[in-house]
1. Condition check: touching a Pro at 6+ places or on another chain (Cβ under 8 Å) and either more than 26 Å from GLU218 (Cβ to Cβ) or acidic (Asp, Glu) (or both). Does VAL235 satisfy that?
2. Within the stretch 322-332, how many residues are in contact with a Leu (Cβ under 6 Å, 6 or more places away or on another chain) and within 14 Å of the ligand (Cβ to nearest atom)?
3. Determine whether the stretch 425-438 contains at least one residue that is within 19 Å of the chain's Cα centre (by Cα) and either surrounded by 18 or more Cβ atoms within 10 Å (Cβ to Cβ) or modelled with pLDDT under 95 (or both).
4. It is to be established whether one or more residues within the stretch 39-47 are surrounded by 14 or more Cβ atoms within 10 Å (Cβ to Cβ), under 23 Å from ALA142 (Cβ atoms) and β-branched (Val, Ile, Thr).
5. Looking at LEU2, LEU45, LEU23, LEU10, can you tell me which residue is in contact (Cβ under 8 Å) with a residue 40 or more places away in the chain and over 21 Å from ILE369 (Cβ atoms)?
6. Take the residues in the stretch 295-317 that are within 16 Å of the ligand (Cβ to nearest atom) and either hydroxyl-bearing (Ser, Thr, Tyr) or in a helix (DSSP H, G or I) (or both); name whichever of them is modelled with the highest pLDDT.
7. With GLU97, GLU106 as the choices, which residue is away from the ligand (no atom under 16 Å from the Cβ) and in contact (Cβ under 8 Å) with a residue 12 or more places away in the chain?
8. Could you list, in sequence order, the residues of the stretch 300-321 that are in contact with a Leu (Cβ under 9 Å, 6 or more places away or on another chain) and polar (S, T, N, Q)?
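The values are calculated or read from the model by the stated rules, or taken from the named source; none is laboratory data. All values reported here derive from a predicted model rather than from experimental measurement. Neighbour counts are summed over all protein chains in view; Cβ atoms, including those assigned to glycine, are modelled from backbone coordinates with ideal geometry.
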Amino acid sequence: MLLFKNISYLICDPFKVEQDVDLLIEGNKVARIGTIDPRDYGQKLKILDGRGKIVMPGLVNAHTHLWQSLLKGRRDDLPLVPWCEEVIFPFIQVLHERGRLDGSREVSYLWSMLGALEMVRSGITSVIDMDLGYQANLIPQAWFDLGMRGVIAIEMADEWVPEQDSSAIEQEKENVLGLIEHWHRPWEKDNLIQVALGPSAPFTCSETLLAWVKDQAEKYGLGVQIHVSETRWEVEQALLTWRKYPLEFLETTGLLSCPVTAVHCVHLTQKEIDLAKRYGVIPVYNPKSNMKLGSGVAPVKEMLEAGLEIALATDGAASNDLLDSFEEMRAGAMLQKVSHEDPSILSARDMLRMATFGGAKACRIDAGIVAPGKLADLVMLNPSSPHFSHFGPDIVPALVYCAKASDVETVVINGELVMQDKRFVTIEEDLLYKEIVKAGRFYAN
Ligand SMILES: [Zn+2]
């Protein structure tokens with residue numbers, strides 16, 4: 001059992017903040033909030049001092065590609081399609097050509113751990129990772145070893161892929177089924193890992209592949225994540241090919257009857273927004289990636305007005321380049337304000353909801369708010385620094401506009417301490433980091 005004692009600010013959700021309160025965790029859930037006497041629980045209690053601190057729901061990064069953690073700081077002058085051709089595809093080729101680095105763990109474990117370390121240090125407790133099929137079993141293994149929650153979806157495509165023969169997609173399907181067999185155990189209460197299906201985008205997948213995805217999603221009860229309407233080019237292609245906008249096309253495939261998270265949704269029409277609402281699609285807003293690749297500005301105002309639950313995400317580290325939801329919240333709010341020339345368009349509370357509750361919905365987990373019975377995925381920050389000095393009555397805008405990843409001190413995931421006072425308690429970070437740097441030099445040079 002864990003007891004946060006004397007928390008100065010407990011952010012239960014964007015509209016409910018409690019002050020000077022205790023919080024008890026039993027098993028993997030929040031058990032009680034109020035005044036709690038540790039003597040009632042005896043020796044089995046570990047106490048964390050919350051004086052002067054903020055405790056909040058863990059942040060959720062609802063879309064990334066962790067393998068790109070080895071590709072930070074690359075080209076910043078290319079739109080999506082040439083960026084894939086010049087940055088993304090060559091790295092995948094190198095990976096297959098070079099094989100395993102002598103004396104090292106598989107690189108998929110290391111890139112996954114690198115991303116997970118960065119995310120937990122940034123207060124992210126859960127992620128949806130659309131990753132490569134290369135040694136894919138080891139990607140969630142890194143999260144499991146660290147104690148992080150995550151959803152793994154192998155990114156699948158059988159069209160618009162360089163030099164791919166038909167056997168490649170069959171191999172990818174095998175990889176996906178292997179992952180499901182190895183990791184998908186939703187009936188286990190303490191399971192940190194889920195598997196989802198990750199068809200890359202409508203224009204990169206044949207209708208045969210999308211039908212296969214739908215069948216597996218129904219058979220195993222899985223969520224589906226897919227990039228939708230990221231660029232204007234994609235929309236033009238959709239209209240040329242199907243005479244439909246991308247989400248309208250997806251409706252014709254039947255895929256929208258599955259639990260779908262639609263990544264980007266930058267160029268969604270009002271009709272598609274209404275369609276998303278009808279099917280319960282969760283759009284995933286990636287403001288920094290959309291800015292860096294020059295993709296455009298997602299219609300967040302219209303999506304919120306339609307009543308959609310939106311999740312927030314960083315996208316991969318090659319197009320961001322940080323896996324940091326605090327930066328993403330700020331960037332996401334400011335991008336909307338400037339593009340509408342209206343500062344009232346999107347509030348700090350809207351952004352916090354996307355980064356917590358919306359993300360939890362996207363992950364299909366009962367978290368994202370702090371309340372008894374909810375999963376104990378919590379973050380404790382120390383606001384005692386010049387950049388976070390706050391003297392007003394409302395802590396939420398200060399949190400969204402001032403907090404930095406470096407303010408995160410302690411992270412609890414699924415009721416377990418993963419990081420305490422900025423030190424990971426589950427792994428040897430220094431040793432792992434040395435191995436990651438070696439692998440990064442070997443593969444990404
Ligand atoms: Zn993506």
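1. So VAL235 fits the description; yes.
2. Number of matching residues: 1.
3. In the first step, residues of the stretch 425-438 are kept if they are within 19 Å of the chain's Cα centre (by Cα); the result is none.
Checked against the condition, which is being within 19 Å of the chain's Cα centre (by Cα) and either surrounded by 18 or more Cβ atoms within 10 Å (Cβ to Cβ) or modelled with pLDDT under 95 (or both), the stretch 425-438 yields no hits at all.
4. No: zero hits.
5. Every option except LEU45 fails the conditions.
6. Per the criteria, the residue is THR314.
7. On the way: GLU97 fails: in contact (Cβ under 8 Å) with a residue 12 or more places away in the chain.
Of the residues listed, the single one that is away from the ligand (no atom under 16 Å from the Cβ) and in contact (Cβ under 8 Å) with a residue 12 or more places away in the chain is GLU106.
8. THR314, SER319, listed by residue number.
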